[in-house]
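Each value in this text was obtained by applying a stated rule to the coordinates, not by laboratory testing. Note that the coordinates shown come from a computational prediction; the quantities given were computed from them, not determined experimentally. Don't worry about glycine lacking a Cβ; one is built from the backbone with ideal geometry, like all the others, and counts go over all protein chains shown.
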Amino acid sequence: SQRPRQGLRCRLPASLGLFQGALLLFFALFVSYDEHTDAASQAVDTDPGANQLYGVFPFFQDVQVMLAVALGLLLAFMPRYGLGALAYNFLLLNFSTQWALALQGLLYHFHHGKVHLGLRNVLTAEFAAVTVLISVGAVLGRTSPFQLLLAAFCEIPVYLASEWAIITWLKVLDVGGTITIHVFSCYFGLGMSKALFRPGKQLGHPKENPTYQSDLLSLAGMLSLWVFWPSFVAALCQPGDAQHRAVLHTILALSASVLTTFLASGPLESRGKLSLGHLQNASLAGGVAIGALADMMITPAAALALGSLSSLACVLGFKFLAPFLARRLGLLDQCGIHNLHGLPGLIGAVAGVVAILVASEETYGHRFYQVFPARGPPGGNSSLAGSWPEVMPGRSASEQALFQAAGLAVAIGGSLLGGFLTGTLLRLPGLAQPPQELCFDDALYFKIPDPAETSEPDNPAEEAHLALKERV
């Protein structure tokens, strides 16, 4: 009938309008500039070159390209869902960033009063948005835009709580987001998928098989992500040698991932041909794994080894583990996020524990407590502590390793529970989930040229397809 169709058509813009209006009101009442953007707070002799902008914006710009362009292209491997992959990725990036800014601002306002906003706040909010962009990869193409927005609305507060517990409370070391971003988002997405799709749901779909053109788009996305990934890992590192190590280690890990992907993919495929799915994902696995220990003195050889190991795990995951989980558990993972983010994330978390156990003051010199702030000696009275202000009564190496394991458990447990509850919520009626026949089809949500709409259908099958689209 006409009324239900009008309800579906108005639900998304109405929700976005209410959200944007509420956010505008919050910003008008509680948000102002921070010290780096407020003209009145600048001293007469302030050096403009010392502004935080020049240290943050190059990394921020690279992250913007990664999330808005490269990740959308990577997800465009489904031939009839390329518009949806790019457009919904763009929508969720902006929605989730604004929602994270609002929640972070509310927490700050509750404790400190007026919220002071700068570019670094936006960067941390975009890191929160990354978790949504990764998680929805498990259900992309089988969900409506309204369901995706609701998933983002639920995931951001769960992520912020998880990140606070892992980084602030447990003081886990994870400069590049291996645990807090990649592991969390992977298992949130899998939990959401498991709850959203009942057992017996058709695992395969004829419209999801990639074509030459769609694989080419996805490969272009992978190449862009590969180029900019070092900025993502190093953006929040301490400036100086730690940030330099993070960039160097990430480049080495990514490079090793590429060679290992080409090495491993052919022998596992029929007639020794390369799998584009392996190439599009496993080439990035080293960047996922290195984040937990990117700023540590792990040696360049260890970075290369970690990149190779994580890439091999990703290839084997696509070849053996993903089909097993789909067949035995009915677990849908549309974009293979467990292979790219879950398995390399777990490997990186374990490697971080090993790096912490073997770290010594002799290796790091006076920078030891800058890289390991929670390892400070009782009272912080070490000749190697230098002027680092955050040295605390310290943990031993084994204690810090246990806290790293606890942080990993929090990330997995919290994300699985949060994802499963979110997926259960997305099953509520009225959220416009597309029927199986119309999944992975841009024509359901976008105004695109459709020959069937300009000419009479040639057969009853086309008539049935159009009738189903009209009902939805």
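The figures follow:
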quantity	calculated
Semi-axis lengths (Å, descending) of the ellipsoid that matches the C-alpha gyration tensor of the range 173-276	31, 22, 13
Rg followed by Dmax, in Å, when the range 64-158 is reduced to its Cα trace	14.3, 50
Descending Cα extents along the principal axes, the chain, whole Å	83, 61, 38
Inter-centroid distance (Cα atoms) of the range 420-441 relative to the range 288-358, Å	30
Amide H contacts of residue 33 (H built 1.01 Å from N, under 5 Å, at least 5 apart or other chain)	117
Pairs of Cα atoms farther than 20 Å apart, the range 242-337, %	41
Neighbour cut-off at most 14 other Cβ (10 Å), DSSP loop, trypsin sites (Lys or Arg not before Pro), the range 53-139	114
MRE, 222 nm, helices only [DSSP H, n ≥ 4, -39500 (n - 2.57), over the chain, to nearest 500]	-20000 deg cm²/dmol
Check: the chain dipole with +1 on Lys, Arg Cβ and -1 on Asp, Glu Cβ, in debye	1260
The chain - percent relative contact order, Cα under 8 Å, separation 6 or more	21
Cα gyration tensor category, rounded, prolate or oblate, for the range 24-70 with a/c compared to 1.5	oblate
Residue 124 paired with residue 169, simple spin-label distance in nm, labels 7 Å along Cα-to-beta-carbon	1.7
Lysine-lysine proximity count for the chain, Cα under 20 Å, sequence distance 8 or more or distinct chains	4
Extended-chain gain in nm, criterion 0.36 nm per residue less alpha-carbon gap, residue 270 and residue 25	82.4 nm
Relative contact order %, the range 22-100, counting alpha carbon pairs below 8 Å whose residues are six or more apart	20
